[in-house]
Amino acid sequence: MPQPPRFPRRLAVTLATSALAIASGVVALTVAAPAQPAAAAPCTGYVALTYDDGPNPSTTTALLNALRSAGARATFFNMGQRVQQNAALARAQQQAGMWIGNHSWSHPHMTQLSQQQMTSEISQTQQAIQQATGTAPRLFRPPYGETNATLRSVQAQYGLTEVLWSVDSQDWNGASTAQIVQAANSLQNGGVILMHDGYQTTINAIPQIVANLSNRGLCPGMISPSTGRAVAPDGTNPPTNPPTNPPTNPPTGNPTTPPAGTAGCSATYRSTGSWGGGFQAEVTVTNTGNSALNGWTVRWTWPGGQTIGSLWNGQLTQSGSSVTVRNAGHNGSLQARQSTTFGFVGSGSAATPSVTCSSP
């Protein structure tokens, strides 16, 4: 997966900007009122606009105003030390109707840290954001998208859902405004686009991104803490025109209403992105029963030699084309109708295999 350049260069620029602002006195903020939905065609799906590495004294206010003008809301994955230095900007994000997530304290390569250091990066940021806004984040995006089982266990201790992305805008890599807009055009329902609070090109892209989404029946939404996918701002998914009456003969797979006291599971596979020689996907596991589920296993067979390189929120076993994923320690217990999601990055061409789920 493409990764942003090493962080310190951007950190030095922004910290220098912050120091100048602090030395000169109070930072003046002019931020519009909370974003309201734009008058457009009804939303048939939702995507998440996300901005990393803020708050940034040189761009956050302009970014918020651009989103407000477009009638869009977004999720800001803030760094703890920048929130501490720019608490008023973090409050401005919240007051403008945006959602705020945790993006670590200092933007390190988290997988190179000890578990104690990971905990410090996350806990300090939780505290800084809560002190600035009154609300602790429920979402965490690891810097550079680098994650592992140890980091996910620390996230779980703080009740955080890990959020990566399905589309990379490449704004960090010098993408022009037109290129950022073009990248956003590949967003699909539930998708998440990676952008950054620090580039004028990114700010300039907002009006066209929102207009293009609207033309496709898509609207900016929030990220669900349950699944890490984009949903409507009230936390629901758009209607899918369900039948007036339920079918009298449901499919013979997992029953829609299991017998009392039973637990079962279903699995849904979704591709979230692809590139030359690789792809990213996720599988959502749902307890379809009416009692607690204690453990689950998902299996499938690749059709064309694909392999998984890294997987999160599960335990992977691969044998040839056969794949088995068992629950991780933190997501094996699911209450009735509750869901959890694991994701992975694979090599080869993207595919949509048939997946099955079983429980003890």
Q) Label points 7 Å out from Cα along the Cβ direction at ARG337 and THR119: separation in nm? A) 3.7
Q.
Show me the trypsin sites (Lys or Arg not before Pro) within segment 278-349 that DSSP assigns to loop and that have at most 16 other Cβ atoms within 10 Å of their Cβ.
A. ARG337
Q: Would you calculate the separation in nanometres between label points at SER69 and SER176, each defined as 7 Å from the Cα along the Cα-to-beta-carbon direction?
A: 2.1
Q: Could you list the residues of segment 194-212 with an amide nitrogen less than 20 Å from a label point located 7 Å from the Cα of ASN185 in the Cα-to-C-beta direction?
A: 194-195, 201-212
Q.
So for each of 106-113, 142-149 I average, over its residues, the number of other beta carbons within 10 Å; can you give me the resulting order with the highest mean first?
A. 142-149, 106-113
**Q.** Ranked LEU311, LEU151, LEU316, criterion: other C-beta atoms within 10 Å, fewest first
**A.** LEU316, LEU311, LEU151
(Q) Given R₀ = 25 Å, what would the calculated FRET efficiency be for ALA149 paired with THR307, taking r from the Cβ atoms and rounding to 0.05? (A) 0.85
Q: Within 10 Å of each residue's Cβ, count the other Cβ atoms and sort TRP99, TRP302 from fewest upward.
A: TRP302, TRP99
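Where a number appears in this text, it was derived from the coordinates with a stated rule and is not lab data. What you see is a predicted model; the values in this text were computed from it and never measured. Quick reminder, even Gly has a Cβ in these numbers, built from the backbone with ideal geometry, and neighbours come from all protein chains shown.
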